[in-house]
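Asker: Below you will find the structure I want to go over with you.
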Amino acid sequence: MVIPARDEEGSVEETLRDLVATLNEESIPHELILVDDGSSDATVAIVERLILEYPQIHLLYNNGRHGFGMAVRVGLSSATGDAVAVMMADRSDSARDLVACYRKLGEGYDCVFGSRFLRGSKVVDYPTHKLLLNRMANWFIRILFAVPFNDFTNAFKLYRSYVIEGMQPLISPHFNLTVEMPLKAIVRGYTFGIVPITWTNRKSGVSKLKIKEMGSRYLFIVLYLWLEKALARGDYAREIPRA
């Protein structure tokens, strides 16, 4: 799994320990790729200490242009498993939900998308203005692409490795990657399951998402992929590797 992190000293240790404990308990083989995106606090030192205890944790550095999307792309390029999850380092995502997504993937899907807005989902301490903007943006995407999914803007999703390969090139340097990845998977014909998840607002640190900066970037990615869907005539359609 790929976990981008920037200045997450208040939550990264608990995030990684919880993931390792839960996945070990469920006997799910895993590697945790923590990509540091230019932290100036103790994030790196904490992860380096945890690596001594948990060899399945790997620390990478985004030494180029910083941004959520750039950090995730660094991690994706080094992932070696047959499936890759993208999760946050701020404790907003649940390790138990990751297990549920993994089990759902085993039903034969190419991807599994977590949704915070289904029956069985739970959202804790979501700021009201962000929630309103979130629902408007996801409604717009859902209608534009005629897709029965309602949480594109959440990063928590799981992809088969061949889906990651099939959605290249990824171009989003920022949080708009959270929209680019599932939309590319859908537009290119990969199948997906949906799992209700729990999302909890961070208890420490500061959110890196700046709404005023991201609006046009989200819109660009959405329209870019709508044009692919409308005009590309299947040139980038999925290719499933033979067994």
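The values are calculated or read from the model by the stated rules, or taken from the named source; none is laboratory data. Since the structure is predicted, the reported quantities are computational estimates derived from the model, not experimental observations. Every residue, glycine as well, gets a Cβ built from its backbone with ideal geometry; the counts of neighbours run over all protein chains shown. With ligands, DNA and RNA removed, areas are computed over all heavy atoms of the protein, side chains included. Shrake-Rupley method; radii C 1.70, N 1.55, O 1.52, S 1.80 Å.
Asker: Using a 10 angstrom Cβ neighbour count of at most 12 plus a DSSP loop assignment to flag exposed GluC sites (Glu not before Pro), which longest range of the chain is free of such sites?
Answerer: Result, exposed sites excluded: 108-238.
Asker: Roll a 1.4 Å probe over the protein heavy atoms and report the accessible area of residue 51 in Å², nearest 10.
Answerer: Residue 51 exposes around 50 Å² with every protein chain in place.
Asker: To continue, here is another question. List the residues whose amide H sits under 5 Å from the amide H of residue 9, counting only those 5 or more places along or on another chain, with H placed 1.01 Å from N in the peptide plane.
Answerer: So residue 9 has HN proximity to 42, 43.
Asker: Using a probe of 1.4 angstrom, how much of the accessible area of the chain is carbon and sulfur, in percent?
Answerer: 55 percent
Asker: Oh, and also: Could you check the spin-label model distance between residue 82 and residue 143? Points 7 Å from the Cα along Cα→Cβ, value in nm.
Answerer: With each label placed 7 Å out from Cα toward Cβ, I get 4.1 nm.
Asker: Over the range 52-165, what is the relative contact order in percent, taking alpha-carbon pairs closer than 8 angstrom and at least six residues apart?
Answerer: Working: 86 pairs, mean separation 41.3, N = 114.
Relative CO of the range 52-165 lands at 36 percent.
Asker: Please report the Cα spread of the range 81-167 along all three principal axes, rounded to whole Å, starting with the longest.
Answerer: 38, 31, 23
Asker: Now for a different question. Counting alpha carbon pairs within less than 8 Å and at least 6 residues apart, what relative contact order, in whole percent, applies to the chain?
Answerer: For the chain, the relative contact order is 23 percent.
Asker: Would you please give the residues with an amide H less than 5 Å from that of residue 32, counting only those at least 5 places away or on a separate chain, with H modeled from the backbone geometry?
Answerer: Under 5 Å from the amide H of residue 32 lie the amide H atoms of 57, 58, each far enough along the sequence or on another chain.
Asker: Restricting to DSSP H runs of at least four residues, report the calculated mean residue ellipticity at 222 nm for the chain, -39500 (n - 2.57) per run over all residues, nearest 500 deg cm²/dmol.
Answerer: So the helix-based figure for the chain works out to -13500 deg cm²/dmol.
Asker: Taking the range 1-83, which trypsin sites (Lys or Arg not before Pro) meet the DSSP loop condition and have no more than 14 other C-beta atoms within 10 Å?
Answerer: Answer by residue number: 65.
Asker: Once amide H atoms are placed 1.01 Å from N in the peptide plane, what residues at a sequence separation of 5 or more from residue 199, or on another chain, have their amide H within under 5 Å of its amide H?
Answerer: Those qualifying (amide H under 5 Å, at least 5 residues apart or on another chain) are 122, 123, 124.
Asker: Under the rule a/c < 1.5 gives rounded, and otherwise a/b versus b/c splits prolate from oblate, where does the range 97-242 land using the Cα gyration tensor?
Answerer: Note, shape of the range 97-242 comes out oblate.
Asker: At a Förster radius of 22 Å, what calculated FRET efficiency corresponds to the Cβ-Cβ distance of residue 65 and residue 220, to the nearest 0.05?
Answerer: Calculated value: 0.85.
Asker: Further, regarding this structure: Could you give me the ³J(HN,Hα) list for the range 102-118, computed from phi with Karplus coefficients 6.51, -1.76, 1.60 and θ = phi - 60°, whole Hz, x at Gly and Pro?
Answerer: 4, 5, 5, 4, x, 7, x, 7, 7, 9, 9, 10, x, 10, 8, 10, 10
Asker: What figure in square angstrom, to the nearest 10, would you give for the accessible area of residue 128 with a 1.4 Å probe?
Answerer: About 110 Å², rounded to the nearest 10.
Asker: Also, I was wondering about something else. Tell me, what HN-Hα J-couplings in whole Hz come from the Karplus equation 6.51 cos²θ - 1.76 cosθ + 1.60 at θ = phi - 60° for each residue of the range 90-101, using x for Gly and Pro?
Answerer: Per residue, the Karplus-derived 3J(HN,Hα) values read 9, 6, 6, 9, 9, 5, 5, 5, 4, 4, 4, 5 Hz.
Asker: Further, regarding this structure: Rolling a 1.4 angstrom probe over the protein heavy atoms, how many square angstrom per residue are accessible across the chain?
Answerer: So the chain comes to 49 Å² accessible per residue, rounded to a whole number.
Asker: Here is a further query. Roughly speaking, what is the stretch gain from residue 118 to residue 135, that is 0.36 nm per residue apart minus the C-alpha to C-alpha distance, in nm to one decimal?
Answerer: Stretched out fully, the residue 118 to residue 135 stretch lengthens by 4.9 nm.
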